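Heads up, the thing below is written out as structure tokens.
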Amino acid sequence: MFCARIFDRASSMPILEFSNVSMSYVRGSQRSREGRRFALSDISFSVERGSFAVVIGPSGAGKSSVLKLVLAMQRPDEGTIRVADRDIGRLRRGSIPYLRRNVGAVFQDFKLLIEASAIENVSLALHALGLPRRQVYERAAMALEQVDLEPTTRRPVRCLSGGEQQRVAIARALAGEPAMLLADEPTGNLDPRLTQEILDLLANVCSRGTTVMLATHDPLVRDHARVDQELRLMGGRLVYDSEAARRKREASDVAANALVEAVA
Amino acid sequence: MIWRGTWQTTIYSMRRGLRGMSEAPLVQVLAIATTAVCMLLLGAGLLVWVNARGILESWGVDIPLTVYLVDDARPEDAQQLAARLSAVPGVERVVPVTPDMAMTRLAEGLGGDSELLDGVDPAILPVSLEVHVRRDVAPDFDDRLAERAAAFGVVEEVALPGEWADRAKTLLDTLGDVLLGAGCLVAFACLAIIWSTIRLAVHARRAEIQILQLVGGTPRFVRAPFLVEGALQGALSATLAIGLLYVGFDSLRPFLERGLTILFAAGALRFFTPLEGALGIGFGALLGVLGSRVAVGRYVES
């Protein structure tokens, strides 16, 4: 079963590892491999702890599918997915909630209770952890302060701006102190100024040690100073992994240096 | 600290369940009222059955054999005879009835007219033994046992309830079976009403359910407020049904008792005991939990 201590922030293991992962959405009678349309095909990558990874690609590239797999909302058809060194493809149904307590998620459509206030929305996630009421409100207020929102406001969320609503969603995802934060097109509905604000906020979250994985179709996001890794998807295939490319470059540099030293 | 988390979760579920009910008061009132009407019908049937059984028992139809002893029989004679009859294979138990016990039963049987017995000495009533036999004995066992009992010197008379008692018992058993069938139907109707109400609540709160599942709420945590809601609906319906039944029973009781005394020489009628009432409310809550569990089950698991 997943619990907080397996997300050891000091561990040297990658927090997320995809190895030859393929995934399809089964519809109706498409049970055979030939009849399926694969949303992801043979994807392999890893994300280091505390890094800021961006999954980038056009609509239908498979970005959301990657996040759904990490949240165990879908199961892979092939390959293994390891979160904090646990194979979540084999996770028992009863363990999925405990995985999700350690992996916060933010969505493009915010997924908020629009008639409830910001603090009520954030509290909802903490009630699910079984915390005492007082602690719930203290931690919810802290999470809202972290995203520069006033915790005492009683206004329903529908009265807040899009940027503020996204901040509430981020506060809710952070309230449980997850080791990893997934954000699926968190800036999709926001203007450029609010987009920058949300990216700065996520970068700030990452600086405090939380791994951030952001899926977006906006190529400008990868230019953000805090982004450590870029994963580019196209038609369900991983076409570029900046971290893998860096490792390859480093390996060839080492080989070249060795060759130069040998010749000299 | 698991118990602490469970306790906090329970408190949250109770509060959320209550809030859920207050969010749709009209639906709740309608559901509780409709369920209460179903339970009222079931309760009325049960009450009829309980009292019919009481009347028949007061006539002694459930006692296959009553052995009356002679007036000068000593208590030890009664004890010896009881021991000998108990030893007969097929006899389940023998209950000695003293004159005082007989007088109390007679007074209960007379109900409101029990003052007729004021000043009557219980000693005028004979000591008797009630002989209960097992269900699996031969049809003529009662007659043979009566003959054997009558042979004892201290026995004045042996009374058999007769064919009418068998008919009355059969009637009562049939009434019981009919009530059981009707009870199942009513329980199903209550389940259906609670199921539809909780289904509406699940639909209204689907966004909340989805969010709770995404933030790591266990299926049990997500389901619990709906189960609380269902249990409260069932328990409130049962309480309302019992309350209405009591009001109706209390108003009709004097007329019914008068009529029954004239027709059947039956005594006082009785309402459900507090324990039976509590069991009824518990049954209502259980129906509510079952109905809501079915309503919320597949939605949450999916």
Mind checking the angle between helix B:2-23 and chain B's longest principal axis? C-alpha axes, 0 to 90 degrees, to the nearest 10.
80
In units of 2.2 N^0.38 Å, what is the alpha-carbon radius of gyration of the range A:103-157?
1.08
Sequence of B:298, B:144 from largest to smallest accessible area, 1.4 Å probe:
B:298, B:144
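Can you run the Rg to Rh ratio on the protein assembly as shown? Use alpha carbon positions and the Kirkwood inverse-distance Rh. Please list the in-between numbers first.
Values: Rg = 37.9 Å, Rh = 30.2 Å.
Computed over Cα atoms, the ratio is 1.26.
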Can you give the translational diffusion coefficient of the range B:139-235 in µm²/s, computed by Stokes-Einstein from the Kirkwood radius over Cα pairs at 20 °C and 1.002 mPa s?
112
If you consider only alpha-carbon coordinates, what radius of gyration and Dmax does the range A:79-230 have, in Å?
15.5, 47
Residue A:144 accessible area, 1.4 Å probe, all protein chains in place, Å² to nearest 10
0
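Using a 1.4 Å probe and counting only protein heavy atoms, arrange B:190, A:159 so the residue with the most accessible area comes first.
Final ranking, largest accessible area leading: A:159, B:190.
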For residue A:240, distant residues with modelled amide H under 5 Å away
A:232
Fraction of accessible area attributable to carbon and sulfur, the range B:64-160 (%, probe 1.4 Å):
52
Averaged over B:215-228, how many beta carbons belonging to a partner chain fall within 10 Å of each residue's beta carbon?
5
Buried accessible area between B and A, both sides, 1.4 Å probe, in Å² rounded to 100, is 1700
Mind checking which lysines have their C-alpha under 28 Å from residue A:63, skipping anything on the same chain fewer than 8 residues away?
A:111, A:248
Can you list residues from other chains, or at least 5 along the same chain, whose modelled amide H is less than 5 Å from the amide H of residue A:215?
A:55, A:183, A:184, A:185
Students sometimes get this wrong: rank B:13, B:86 by accessible area, probe 1.4 Å, all chains present, largest first.
B:86, B:13
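Keeping every protein chain present and rolling a 1.4 Å probe, give me the accessible area per residue for the range B:64-160 in Å². Intermediate results must be reported in sequence, preceding the final value.
Details: 5950 Å² over 97 residues.
Dividing the accessible area of the range B:64-160 by its residue count gives 61 Å².
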Could you please state, rounded to a whole Å, how far the C-alpha centre of the range A:101-170 is from the C-alpha centre of the range A:76-100?
26
How large is the accessible surface of residue A:96 in square angstrom, using a 1.4 angstrom probe and rounding to the nearest 10?
20
Report, in degrees rounded to the nearest 10, the 0 to 90 angle that the Cα long axis of helix A:192-207 makes with the longest principal axis of chain A.
80
Remind me, what semi-axes does chain B give for its equivalent ellipsoid, largest first in whole Å, using sqrt of 5 times each Cα gyration tensor eigenvalue?
54, 22, 17
What 222 nm value per residue comes from the helices of chain A, counting each DSSP H run with n ≥ 4 as -39,500 (n - 2.57) and dividing by all residues, nearest 500 deg cm²/dmol?
-11000 deg cm²/dmol
Quick query: amide H of residue B:65 versus all other amide H atoms, modeled in the peptide plane; which residues come in under 5 Å with a sequence gap of 5 or more or a different chain?
B:131
Shape metrics for chain A, restricted to C-alpha atoms - Rg then Dmax, Å
19.7, 73
At a probe radius of 1.4 Å, what is the per-residue accessible area of residue B:84, in Å² to the nearest 10?
150
Per residue and in cubic angstrom, what volume does the convex hull of the Cα atoms of the range B:64-160 have?
96
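Provide the per residue accessible area, probe 1.4 Å, for chain A, rounded to a whole number of square angstrom.
For chain A, the solvent-accessible area averages 47 Å² per residue.
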Quick check: the angle from helix A:118-127's long axis to the longest principal axis of chain A, C-alpha only, nearest 10 degrees?
70
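The values are calculated or read from the model by the stated rules, or taken from the named source; none is laboratory data. Just so it is clear, the model here is predicted, and its values are computed rather than measured. Heads up, the Cβs are rebuilt from the backbone with ideal geometry, glycines too, and the neighbour counts pull from every protein chain shown. Please note that ligands, DNA and RNA were not included when accessible areas were found on the heavy atoms of the full protein model with its side chains. Shrake-Rupley method; radii C 1.70, N 1.55, O 1.52, S 1.80 Å.
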